[in-house]
Amino acid sequence: MTFLGARGRLEARLVPEAGYEVDLLDLSGIDRRNPVKAARAAFQAAAAIPKAKKLIRARGADAVLGGGGFVAGPAGVAARRLKLPLVLTEADRHLGLANRLLARRADRVCLAFEITDIDRANVRVTGRPVGRRVLDADRGAARKRFGIDPKEKCLLVMGGSQGARSINFAAVEALAEREGRDFQVVHVSGSRDFREVGKRLADAPHGDGYTLLEYEPDMGDGIAASDLALARSGASVFELAALGRAAVLVPYPFATADHQTANARWMADAGAAVIVPDGELDADRLLREVKAIFDDETCLAGMSSASKALARPGAATDVAGEVLDLIEAGR
């Protein structure tokens, strides 16, 4: 297995760190608010198709699996021109631009969520693959790592790889002081706000029971150690469901097509989460929502059970199976 990615994006660092090879294309996202930048991005994508085709052929690929990012468009077109099986994956509750353009030409489209306006024979709802280190995370070992008593509740605060400023600052304002807080906190802030959050935490007179982390390579330990999560509602909703965690979700308000709100509703409609709009989040609202769940054991247990019922732990196997079946059929 080999990867095709965009230069300057996270995959350029993360894929080699995971032990895989990656070829990089010069691409950028399409900024719909700026026609000049959008035109430049479209030109880059078109220019990248021949290079993608050359790289895919050089790697001796038997199939192409698209993840819906910058590189998915050029790679998908190249796969079709090389007459290779093409499988697309969609992580959100709407098709992104690359997937919309390629869906009719793909052999399979694997959806994380049911999307009602897609009704084609090549669509499968597989769920979103979750990393093995999340699925295999050990609660006892994770709690030992963070110094959490087995009998004490724990709130996980996270805002994605870059962090979420509104969540970071509301959390530390509401929860830094131990007085009046009968649960522990594990807070993954992201690099941007780490110093400021750390300073505010250090200034709290009773800040024990609050673990601040700048970054976690995967969230397995944090989710396993927790009983409730305060988070954005991107990819993390499937990670939370995989371990059956209740959540207070604060969708990123500027996500494309407001997909984070749709993701959050998926959990909330099942009874696994409470949604707080970003513009309504402050320290008082955060503390009120968290305490209401923690103070009601029946509520917490019901939300956790509902979350677990949403899990699709076999998603990665199902997507891989679709790819392998197409390769075998082609042979």
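Brief remarks on what is shown
- Segment 6-58, subset acidic (Asp, Glu) and closer than 17 Å to Val77 by Cβ, residue surrounded by the fewest Cβ atoms within 10 Å (Cβ to Cβ): Asp26
- For segment 83-95, the count of residues that are part of a helix (DSSP H, G or I) and surrounded by fewer than 17 Cβ atoms within 10 Å (Cβ to Cβ) is zero.
- Condition check for Asp208: part of a loop (DSSP other than H, G, I, E, B) and within 14 Å of the chain's Cα centre (by Cα): no
- Note on segment 272-302: residues that are within 23 Å of Ala91 (Cβ to Cβ) and in contact with a strand residue (DSSP E or B) (Cβ under 9 Å, 6 or more places away or on another chain) amount to 5.
- Within segment 138-153, residues that are within 16 Å of Gly220 (Cα to Cα) and in contact (Cβ under 8 Å) with a residue 24 or more places away in the chain have Cβ atoms under 6 Å from residues that are surrounded by 13 or more Cβ atoms within 10 Å (Cβ to Cβ) and small (Gly, Ala, Ser) in these pairs: Arg139/Ala224; Ala142/Ala224; Ala142/Ala225; Arg143/Ala225; Phe146/Ala225; Ile148/Ala225, counting only partners at least 6 apart in sequence or on another chain.
- Among residues that are of a type in the set (Gly, Ala, Ser) and in contact with a Pro (Cβ under 9 Å, 6 or more places away or on another chain), Gly140 is included.
- Scanning segment 53-98 for residues that are over 22 Å from the mean Cα position of the chain (by Cα) and among the acidic types (Asp, Glu) returns a single hit, Asp62.
- Test: His187 is under 22 Å from Ala264 (Cβ atoms) and at pLDDT below 90: no
- Scanning segment 97-108 for residues that are farther than 15 Å from Ala121 by Cα, touching a helix residue (DSSP H, G or I) at 6+ places or on another chain (Cβ under 8 Å) and surrounded by fewer than 21 Cβ atoms within 10 Å (Cβ to Cβ) yields a total of 2.
The values are calculated or read from the model by the stated rules, or taken from the named source; none is laboratory data. Note that this is a predicted model, so its numbers are computed, not measured. A quick note on method: Cβ atoms are made from the backbone with ideal geometry, for glycine too, and the neighbour counts reach across all protein chains shown.
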